[in-house]
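Notes to accompany the following structure.
The values are calculated or read from the model by the stated rules, or taken from the named source; none is laboratory data. Every value quoted in this text rests on a predicted model; they were computed, and no experiment measured them. Here the Cβ is made from the backbone with ideal geometry for all residues, glycine too, and neighbour counts use every protein chain on show. What goes into the accessible areas is simple: the full protein's heavy atoms, side chains included, and nothing from ligands, DNA or RNA. Shrake-Rupley method; radii C 1.70, N 1.55, O 1.52, S 1.80 Å.
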Amino acid sequence: MLGLGADRLRADMNRLLAFLFHQGVLDEQFLQLQQLQDESSPNFVSEVVNIYFHESEKLLRNLRGLVLEREFSDYKRMGIHLNQLIGSSSSIGAKRLTNICVAFRAASDQNNPTACLRALELLEHDYCYLKNKLHEFFQIEQQRVMAAGVRYPIQN
Amino acid sequence: MAITAGEEVMARDSPPSGPTELHVLAVDDSHVDRKVIERLLKISSCRVTAVESGSRALQYLGLDGERASVGFDGLKVNLIMTDYSMPGMTGYELLKKIKESSTMREIPVVIMSSENILTRIDRCLEEGAEDFLLKPVKLADVKRLKDSVLREQGEEHEGCKRKLQDEYMPASPCDPSSTPMLCPSPPSLQPPSKRPRLLNVD
């Protein structure tokens, strides 16, 4: 009976993932990361994602600082931050964020401050969305592990 | 076991040739990417050392001018995987420095990049890069790379043993009951210097 809880939670996780895939928020790279998770590294995905959140928030703060500068002109620095964000976002399968950053970079290359501001706002909004959804995902995963552990202590 | 029986006999009976486990030096300024590549390599049964910059990589390899003594940490590096876009020293610049080093130029260097730019790829391959991987790097990429590097190192080791057999052929016939160590191999067998792949000389 206790195992049912774990199964239901797994179904919830899969449903949430399918939803995020359907929305274009995540892509198959996220699944690749899941495949790298096993008993020897049971929290691999959440660890990587937490590093991503930590790195990204720094980059987002820098970007915001640059875009909102009165005499804004450091497009080169902006491009560097965006390249980093593009790289790490695609490494975790954050497809929508990657695409927004690419558009942001184009606006930056064209030295277009209005487009940059718009892109920044979209980026911040979607970043928050992704963060909330992934937190939800990992919370369900935690619950599932505990539920599975209660009945099947040595189960894989 | 006759000396002249052929290299196949020697190969079959001699100790394992080349490294069976790769030690990979991974270079990337992104913490996320370091974590991922580390995991990819560990899952592929490789030993990993991950550093965050080209200068750290050179330090680790003992190439930074601060003459490190033999065996900086005792672990020989069999493969270097480096990101292309890094602040300070790019992966391309790191590649050049490694290929310029007489001690390190034989180590295969793989460049990783999230950007599929043909001129970039060409430039790296011309400079002697073993391969160019598009990020995000997949498990299949790592497996293919590992197989290819192990095979090359095995071949080089065989080539070296053959060379040594020619040079150190014992005068008297070998005792068939003794352990077949037909040619004495030096303790640290250095593979013959590897020319850049594109030149195709050998």
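Here are a few things to note about the model shown:
- Chain A, relative contact order in percent, only Cα pairs under 8 angstrom and at least six apart counted: 37
- Calculated diffusion of chain A, Stokes-Einstein form, Kirkwood radius summed over Cα pairs, 20 °C and 1.002 mPa s, µm²/s: 126
- Its relative contact order, with pairs defined as Cα atoms under 8 Å and 6+ residues apart, puts the range B:23-152 at 23 percent.
- Applying 1/(1 + (r/R0)^6) with R0 = 51 Å to the Cβ-Cβ distance of A:Glu124 and B:Lys76 gives a FRET efficiency near 0.65.
- The alpha carbon convex hull volume per residue for the range B:23-152 rounds to 103 Å³.
- The solvent-accessible area of B:Met89, taken with every protein chain present and a 1.4 Å probe, is close to 40 Å².
- Once the Cα atoms are used to define both axes, helix A:113-151 deviates from the longest principal axis of chain A by about 10 degrees.
- Longest exposed-site-free window of chain A, the sites being GluC sites (Glu not before Pro) in a DSSP loop that have at most 12 other C-beta atoms within 10 Å: A:72-156
- Length gained on full extension, B:Glu155 to B:Ser101, computed as 0.36 nm times the residue gap minus the Cα-Cα distance: 17.2 nm.
- Calculated mean residue ellipticity, 222 nm, chain A: -27500 deg cm²/dmol, from DSSP H runs (n ≥ 4) at -39500 (n - 2.57) each, averaged per residue and rounded to 500.
- Around B:Leu41: net Lys/Arg minus Asp/Glu count, Cβ-Cβ under 10 Å: +3
- A compact globular protein would have a Cα radius of gyration near 2.2 N^0.38 Å; the ratio found for the range A:82-156 is 1.60.
- Area of B:Leu63 that stays accessible when all protein chains are in place (1.4 Å probe, Å², to 10): 50
- Between the helical axis of A:95-109 and the longest alpha-carbon principal axis of chain A there is an angle of about 10 degrees.
- Listed residues B:Lys76, A:Lys131 arranged by accessible area, highest first, probe 1.4 Å: B:Lys76, A:Lys131
- Measuring between alpha carbons in the structure, the pairs from B:Lys42/B:Lys143; A:Lys95/B:Lys135; A:Lys76/A:Lys131; A:Lys58/B:Lys97; A:Lys58/B:Lys96 lying more than 20 angstrom apart are A:Lys76/A:Lys131; A:Lys58/B:Lys97; A:Lys58/B:Lys96.
- Ordered by solvent-accessible area of protein heavy atoms (1.4 Å probe), largest first, the residues A:Cys101, A:Cys128 come out as A:Cys128, A:Cys101.
- Per residue of A:18-27, other chain Cβ atoms within 10 Å of the residue Cβ number 0 on average.
- The chymotrypsin sites (Phe, Trp or Tyr not before Pro) of the range A:50-143 that meet both conditions, a loop assignment by DSSP and at most 15 other Cβ atoms within 10 Å of the site Cβ, are A:Phe72.
- Loop sites in the range A:63-105: trypsin sites (Lys or Arg not before Pro), DSSP, at most 16 other Cβ within 10 Å: A:Arg70
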